[in-house]
Amino acid sequence: MHGGDIIGEILQRRGIRHVFTLCGGHISPILVGAKKHGLHVVDMREEINAVFAADAAARLTGNVGVAAVTAGPGVTNTITAIKNAQMAESPVLLFGGATATVLRGRGSLQDIDQLSILSPITKWATRVTTHKSLGPTVERAMDIALGGVPGPVFVEVPIDLLYPEEIVRKWTMAEATMKGPLGDALRLYLRGHLYRQFEQPHVPVHAPELPSVMDLTIPGDPRAKVKEVAAALKTAKRPLLVLGSQTLVNEPTPVRVADALLELGIPTYLGGMARGLLGKESDIQFRHERGKALKEADLVIVCGFPFDFRLKYGQAIPKSAKLVGVNLSSETLRKNRLPDIAVRMHPGQFLVDLARHAGSAGADRGEWLATLQKREDARDAQIEKDGSVSSAKRVSPLKLFLELEKKLSDDAILVADGGDFVGTASYILRPRGPLGWLDPGVYGTLGVGGGFAAGAAVCKKDSEVWILWGDGSSAYSLSEFDTFVRHGLAPIAVIGTDALWAQIARDQTELLGDDVGTVLRDTSYEKVAEGYGGVGLLLDDESKIAEVLDEAKRIAKSGKPVCINVLLAPSDFRKGSISV
């Protein structure tokens, strides 16, 4: 077996079904080996989008997402996506090609120190140096990606460890053309080098230790702390749950977590990847006025959600409330705000265990739920009222999303990639189920759309996949329509075109009196998608929203990707929402 065969066999055995890539001579055997072992090789148009696709696959499957890119610029093109995966806690395995081991550091094509670049933004970055260490290194890398706080890993595989041995020997010895004693010495050295590469027994790789269940930096047994939280919950009159993405990281059966939440009956706010956990609607799920609810709560349980800017670095929760923090990361549990009860364990498992100990017991929370529901209903009514106002020209984003909310299928997956346009959508669109909302996460990366959609479409072939793109963010990955067409994927992209980087422009213009750097063009994005083989639709009339959305759904069901270019009317719905 050549190196590509070894990698393909391991990935297949470990349940990986897709490898995302942009081809290169350094990594060709990985792609051939993956295909040989039955994996779907999805070749993208940008290396960064290959990693975004692997990230989405990891989130949707609970397994490692795998990408492979060529050496040098192929690897460096993935940096933003790898950093995004690190901050989103996604278990991604990136294979990077590299020059032959004997040529490293001698000026070979695309030869750079890749480990120094990837090490700071991955859980583990390593280089394979012998053929027999390739398999164990890949196995170890996958374990590390999934273990503890999940995250990305990088494995550099030199070209001479991937191609068949006879080819590598031929290539290597062809370099020894020098005559005389020096030539003889060089040939002897190269033969010894080849022997070490292919015959040297595997030496265990130096890798981080996987974390143990107990963590001495967070004192106390997590199981005992679950009981402590259950006791506090029984006396709380205004408890509140805030759930973040980590609640569903590596969670193979989200329904058990949802069932636990329903059993507990605690008012719940869902953020990030946890959105959709309770389905489209639930009596305990709330989306609006979270800040007010936090200020009034007497017990706040924050699961898989850091005390970062979204919770005002912990200050959104009053000191009078008992605060519980649940996270896989000891560092996160200690950052900005120390919880009264810090529990280091998987947030999803914590909720399942908490429901078993506490159930729905506790004080009557009818009045508390009614207060929150009244605010929820009032905010929804205001949005409906604002959305009922017709625009003289172009299309109101509120009206668009109110109609799209009615059209989403029960299995819809929403890929969020934009600023103001996507921010508006988040107030209106209700993810239909667990993992039905994919956004970049806390890094706030623009450009995830094409990659995330490719990952979602190949992992959930029968689901309706929507990309919500601002016109600014769409340009990062609109080229992936070519990938959609070639691989028979049919997501529906909705581009909100207001010819602005609107989230920045609105406040920059008001605060600084200048829109410099924020103005775009009314580009015909639907024609760009058509150029890549997709179907383009233009929506510039509010009266045709329902008609165009229905047409897009029909086309997507026929197996063709669709791009709806929506010409947006100006909106101040999210005025003052700039994030810095």
Is there a residue in region 175-183 that is in the same structural domain as Glu139 (by TED's automatic domain parsing), touching a helix residue (DSSP H, G or I) at 6+ places or on another chain (Cβ under 6 Å), within 30 Å of Gly4 (Cβ to Cβ) and modelled with pLDDT under 70? yes
Given the conditions (1) within 27 Å of Gly433 (Cβ to Cβ); (2) in contact (Cβ under 8 Å) with a residue 12 or more places away in the chain; (3) surrounded by fewer than 18 Cβ atoms within 10 Å (Cβ to Cβ), which single one is not true for Gln315? (1)
Selected residue (criterion: modelled with the highest pLDDT) from residues of region 191-209 that are within 37 Å of the chain's Cα centre (by Cα) and not charged (D, E, K, R): Pro208
Take the conditions more than 30 Å from Phe309 (Cα to Cα) and either modelled with pLDDT under 95 or of a type outside the set (Ser, Thr, Tyr) (or both) and apply them to Gly496. Does it pass? no
Tell me which residues, restricted to region 361-420, are more than 31 Å from the chain's Cα centre (by Cα) and of a type in the set (Ser, Thr, Tyr). Thr371, Ser388, Ser390, Ser391
Quick check on my filter: what residues within region 450-466 are touching a Phe, Trp or Tyr at 6+ places or on another chain (Cβ under 8 Å) and either under 19 Å from Leu567 (Cβ atoms) or surrounded by fewer than 24 Cβ atoms within 10 Å (Cβ to Cβ) (or both)? none
I need a count of the residues in region 103-126 that are part of a loop (DSSP other than H, G, I, E, B), surrounded by 14 or more Cβ atoms within 10 Å (Cβ to Cβ) and at pLDDT below 95. 5
Being in the same structural domain as Lys460 (by TED's automatic domain parsing) and closer than 18 Å to Ile467 by Cα narrows Thr509, Thr483 down to just Thr483
Scanning region 95-127 residue by residue, those under 25 Å from Trp171 (Cβ atoms), of a type outside the set (S, T, N, Q) and touching a residue at least 40 places away in the same chain (Cβ under 8 Å) turn out to be Phe95, Gly96, Gly97, Ala98, Ala100, Val102, Arg104, Asp111, Ile112, Leu115
Got a number for residues in region 516-534 being in contact with a strand residue (DSSP E or B) (Cβ under 8 Å, 6 or more places away or on another chain), surrounded by fewer than 16 Cβ atoms within 10 Å (Cβ to Cβ) and over 23 Å from Ala552 (Cα atoms)? 1
Return the residue satisfying two criteria in turn: it lies in region 257-279 and is in a helix (DSSP H, G or I) and more than 16 Å from the chain's Cα centre (by Cα), and of such residues it is surrounded by the fewest Cβ atoms within 10 Å (Cβ to Cβ). Asp259
Please enumerate the residues belonging to region 144-172 that are among the charged types (D, E, K, R), assigned to a helix (DSSP H, G or I) and closer than 24 Å to Gly74 by Cα. Asp160
3 or more residues over 28 Å from the mean Cα position of the chain (by Cα), without any contact (Cβ under 8 Å) to a residue 12 or more places away in the chain and under 28 Å from Asp386 (Cβ atoms): qualifying helices (runs of 4 or more DSSP H) within region 487-580: 502-512
Looking at region 405-430, which of its residues are more than 19 Å from Gly472 (Cα to Cα) and surrounded by fewer than 22 Cβ atoms within 10 Å (Cβ to Cβ)? Glu405, Lys406, Lys407, Leu408, Ser409, Asp410, Asp411, Tyr427, Ile428, Arg430
For Pro434, are the conditions met, namely being buried (at least 22 other Cβ atoms within 10 Å of the Cβ), closer than 30 Å to Leu299 by Cβ, assigned by TED's automatic domain parsing to the domain that holds Ala502 and not small (Gly, Ala, Ser)? yes
With respect to the numbered conditions (1) surrounded by fewer than 16 Cβ atoms within 10 Å (Cβ to Cβ); (2) modelled with pLDDT under 90, which one is the sole condition not fulfilled by Glu139? (2)
Got a number for residues in region 76-87 being of a type in the set (Val, Ile, Thr) and farther than 9 Å from Leu118 by Cα? 2
Output the qualifying pairs, or none if there are none: Cβ atoms under 9 angstrom, residues six or more apart or on different chains, first residue in region 467-481 and surrounded by fewer than 24 Cβ atoms within 10 Å (Cβ to Cβ), second residue charged (D, E, K, R). Tyr476/Glu46; Tyr476/Asp417; Ser479/Arg45; Ser479/Glu46
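The values are calculated or read from the model by the stated rules, or taken from the named source; none is laboratory data. Since this is a predicted model, take the numbers as computed values, not measurements. Counting neighbours? That spans all protein chains shown, and the Cβs are built from the backbone with ideal geometry, glycine included.
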